[in-house]
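Here is the structure we will look at.
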Amino acid sequence: MGRNKITGSTKIPQHIAIIMDGNGRWAKKRLMPRSFGHKKGMERMIGLMERAFDLGVSYVTVYALSTENLNRPEEELNGLYDLIRNHFEGYMERFYKKGVRLRIIGETHLLPADVQEIIKKVEQKTAHCIGKGVNVALCYGSRAELVRAVNMAIEKGERVTEDSLSSLLYTAGQPDPDLLIRTGREVRLSNFLLWQAAYAELYFSDKMFPEFSDKDLEKAVAWFSSRVRRFGKTDEQVANG
Ligand code: FPP
């Protein structure tokens with residue numbers, strides 16, 4: 001594998017997952033409403049996705065709204081839905097051109113009907129794209145995803161294996177995330193991709209999401225590149241292939 005021109009690193013993650021935490025605190029520090037933080041967060045989300053694809057990453061999954069977040073004040077949720085209503089299609093336009101498939105993962109039936117329509121439209125536009133993808137987790141919870149998958153297997157009358165269970169998740173057919181980044185100074189997974197991130201390298205940043213720059217992403221990728229991934233093997237086994 002060649003050296004990446006931007007990071008100078010030899011190993012680029014195939015799939016990066018990001019927990020985009022800290023929009024509210026970032027806005028509060030600037031005496032601005034939380035919705036301002038989310039708007040900046042959305043702009044950063046798009047910027048980081050573009051950067052990731054430029055670096056050679058094939059899949060990016062972002063945690064935009066957890067099932068638990070649905071208990072937030074109506075006003076904040078409406079602000080997030082308005083971001084989707086007003087900007088989502090426009091922002092996603094740039095990914096169509098790059099052949100990136102867009103999927104919204106989670107219990108999307110819990111979203112307002114008009115937001116569901118927008119999501120469907122955007123997903124359909126890229127349904128033909130293969131090999132590169134963006135997953136936006138909305139109304140997502142990893143435990144609920146696993147329960148849903150097991151119930152699908154039960155309905156088919158099948159016992160699950162690791163492979164069959166993976167194929168029943170929203171991320172079916174995609175490589176597992178190999179780098180998971182969380183911003184916002186918290187050090188937990190918050191019910192995000194618990195199955196898929198089993199072997200992911202975990203990178204925690206003290207920066208709030210709106211201030212997590214392209215350079216910060218490159219730093220995380222360079223850090224990933226320096227990690228030795230053993231997948232349960234010894235150092236010697238890894239060295240001998
Ligand atoms: C968690 O940080 C972040 C969220 C609940 C929303 C994340 C959303 C975006 C980055 C914008 C993209 C949006 C969509 C709808 C695609 P927080 O705001 O809870 O931060 P805090 O911990 O500082 O309060």
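The values are calculated or read from the model by the stated rules, or taken from the named source; none is laboratory data. Treat the numbers as computed from the prediction; the structure is a model and nothing was measured. In this analysis, Cβ positions are derived from the backbone assuming ideal geometry, glycine residues included, and neighbour counts consider all displayed protein chains. Only protein heavy atoms, including side chains, enter the accessible area calculation; ligands, DNA and RNA are left aside. Shrake-Rupley method; radii C 1.70, N 1.55, O 1.52, S 1.80 Å.
Odds and ends about this structure:
- Among the residues examined, residue 74 does not qualify as open to solvent by 60 Å² or more (accessible area, probe 1.4 Å), free of Cβ contacts under 8 Å to residues at least 24 places away in the same chain and closer than 27 Å to residue 14 by Cβ.
- Test: residue in region 141-156 that is open to solvent by less than 10 Å² (accessible area, probe 1.4 Å), modelled with pLDDT of 95 or more and within 16 Å of the ligand (Cβ to nearest atom): yes
- Counting the residues of region 69-89 that are touching a strand residue (DSSP E or B) at 6+ places or on another chain (Cβ under 7 Å) and away from the ligand (no atom under 12 Å from the Cβ) gives 0.
- Boolean, residue 11 is in contact (Cβ under 8 Å) with a residue 40 or more places away in the chain, open to solvent by 40 Å² or more (accessible area, probe 1.4 Å) and part of a helix (DSSP H, G or I): no
- Total residues in region 196-241, condition at pLDDT 95 or above, acidic (Asp, Glu) and part of a helix (DSSP H, G or I): 4
- Residue in region 90-105 that is within 13 Å of the ligand (Cβ to nearest atom), loosely packed, with under 12 Cβ neighbours inside 10 Å and assigned to a helix (DSSP H, G or I) present: yes
- Residues considered: 187, 136. Of these, the only one that is under 30 Å from residue 25 (Cα atoms), hydrophobic (A, V, I, L, M, F, W, C) and open to solvent by 50 Å² or more (accessible area, probe 1.4 Å) is 187.
- Any hit, region 26-37, residues being open to solvent by 10 Å² or more (accessible area, probe 1.4 Å), closer than 23 Å to residue 196 by Cβ and not in a helix (DSSP H, G or I): no
- Answer residue from region 49-68, given it is modelled with pLDDT of 95 or more, within 11 Å of the ligand (Cβ to nearest atom) and out of contact with any helix residue (DSSP H, G or I) (no Cβ under 8 Å at 6 or more places or on another chain) and is nearest to residue 108 (Cα to Cα) among those: 66
- Output for region 106-129, where each listed residue is assigned to a helix (DSSP H, G or I), loosely packed, with under 15 Cβ neighbours inside 10 Å and out of contact with any Ser or Thr (no Cβ under 8 Å at 6 or more places or on another chain): 109, 113, 114, 117, 120, 121, 124
- Region 41-54 residues that are open to solvent by 10 Å² or more (accessible area, probe 1.4 Å), paired with ones that are of a type in the set (Val, Ile, Thr) (beta carbon under 6 Å, 6 or more apart): 45/62
- Some residue of region 216-235 being touching a Ser or Thr at 6+ places or on another chain (Cβ under 6 Å), within 16 Å of the ligand (Cβ to nearest atom) and open to solvent by less than 20 Å² (accessible area, probe 1.4 Å): no
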